[in-house]
Amino acid sequence: MEFALVFGLFLVALMAILDTWIWTIETDAADASVEQGIGVAMSAAGSATSTTPALTDVFASVAPLLQQPMLGTTVEDWYAANLAALRAEIGPNACPTSDQVADYFDGLHSGYDGVGHVVVCAVNDGADHVTVAITGYALSVVPPGIGPFNWRGWGLPISETASVNVGTYSP
Amino acid sequence: MRAGRGGRRGQRAQAAIEMALVLPIMIVIVCGFVGMMLELRAENEFQTAVDLAAQAALVPPLGDQAASQADSTYAFSHTLNPYGSESGYLSVTTPVSCEGPYLEGEIDLNAQGIPAPVTCMAQANLDFSKTPISIFWFWSIKLSTTAEAYPSHYRQCQNTSGSASAYQC
């Protein structure tokens, strides 16, 4: 009886520690990727004096940074063909939230409850701001129904966003 | 019989004492670890926000101090916790502010021909008092971050005529 109680508590504590550790690694990688993504998007597409941010170049630049620290979670390109339906739903000037990403992949029956996918999104918000976001649910060891808030089973929410004014650079 | 009942009572009491000893230690270890991870995480996010603010300060034309400050403030506030995911324990005490020759309309080159950077700094408090982690982390932590960004070698023009800058239009 005593052993069962202590062992149960020990397991809960171990899972909490493991998840926090995983979440810290993943969100730190997402932070670094968002920062790099903003730098790439601001570097302007086409020519040095272009005023068009290089939104579609962001994924190729940040994916190598994200793949490994995401520990088995798939990193998706916002501009990939398989996300066309989600793009149409969200619109051209916004990035999806973690739950919108998970709901979308849940609809495709990919991953438990849509968990295991994060999307690298870079958009112009229509008001001269470039927004880069990494959102979705990364894989974790939180069993269904135990995570805090409305977390999905076996998933940790990842939501990192940065936004800057569109760089024109020209005088 | 009497000795047996006493023995079982003794075992239960011992188990209760052991539990009372082990449980707080486990809670402190878990809270300490979770707090440490959240602290690292918040520090990283804060640093990212200041880094991007410094980069954003270089987007407006040379010498446009108001626009540079507005852009860096926007980048800082929209990078640090834009959806409130860390509200409750990270609060900004000194909003981002940037300085450097670039903002004054000058580009100072050093001996290697590298322009002087724009330097941005901000401060925040990390306070877990509204969370269960405060069982262990009952004190607040002051975060102070500085970031530098260098003007690029192209695209920047000086507005003032007669400048000797290598970056003159």
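The values are calculated or read from the model by the stated rules, or taken from the named source; none is laboratory data. Computed from a predicted structure; not experimentally measured. Quick reminder, even Gly has a Cβ in these numbers, built from the backbone with ideal geometry, and neighbours come from all protein chains shown. Quick note on the areas: whole protein, heavy atoms, side chains included, nothing else; ligands and nucleic acids left out. Shrake-Rupley method; radii C 1.70, N 1.55, O 1.52, S 1.80 Å.
Of A:Ala32, A:Ala41, A:Ala80, the residue with the greatest mean-square motion in the GNM of chain A, using alpha carbon springs below 10 Å, is A:Ala80. Calculated accessible area for the stretch A:69-138 comes out at 38 Å² per residue, all protein chains present (probe 1.4 Å; ligands, DNA, RNA ignored).
Which of A:Thr56, A:Thr20, A:Thr73 moves the most in a Gaussian network model of chain A with Cα springs under 10 Å? Looking only at A:Thr56, A:Thr20, A:Thr73, the biggest GNM fluctuation is shown by A:Thr20. Once the Cα-Cα distance is subtracted from the 0.36 nm per residue extended length, the B:Tyr150 to B:Val22 segment shows a gain of 40.7 nm. Taking 7 Å steps out from each Cα toward its Cβ at A:Thr52 and B:Ala116 produces label points 3.8 nm apart.
Size of chain A from its Cα atoms: along the principal axes, largest to smallest, the extents are 74, 29, 24 Å. Taking other residues whose beta carbon is less than 15 angstrom from the beta carbon of A:Gly72, and scoring Lys, Arg as +1 and Asp, Glu as -1, yields -3.
Applying 0.36 nm per residue to the separation of A:Leu14 and A:Gln67 and subtracting their alpha-carbon distance, the gain on full extension is 16.6 nm.
Comparing Cα centroids, the stretch B:122-153 and the stretch A:91-106 end up 30 angstrom apart. With each label modelled as a point 7 angstrom along the Cα→C-beta vector, the A:Ala80-B:Arg12 pair spans 5.9 nm. Overall, the stretch B:18-157 carries a charge dipole of about 300 debye about its Cα centre when +1 sits on the Cβ of Lys and Arg and -1 on the Cβ of Asp and Glu, all other atoms neutral. The B-A contact accounts for approximately 3000 Å² of buried accessible area, totalled over both chains at a 1.4 Å probe radius. The label-point distance for B:Leu40 and B:Lys142, in a model that sets each label 7 Å from Cα toward Cβ, rounds to 2.5 nm.
Quick one: net charge around A:Ser98, please, counting Lys, Arg +1 and Asp, Glu -1 for every other residue with C-beta under 11 Å from its C-beta. After counting each charged neighbour, the total is -2.
In the stretch B:38-149, a dipole from Cβ-located charges (positive for Lys and Arg, negative for Asp and Glu) runs towards its positive end, and of B:Thr94, B:Ile135, B:His78 it is B:Ile135 whose Cα lies farthest in that direction.
Count Lys and Arg as plus one, Asp and Glu as minus one, and take only other residues whose Cβ is under 12 Å from that of B:Cys120; the net charge is then -4. For chain A, a Gaussian network of Cα nodes joined below 10 Å ranks A:Ala133, A:Ala30, A:Ala54 by mean-square fluctuation, and the top entry is A:Ala54.
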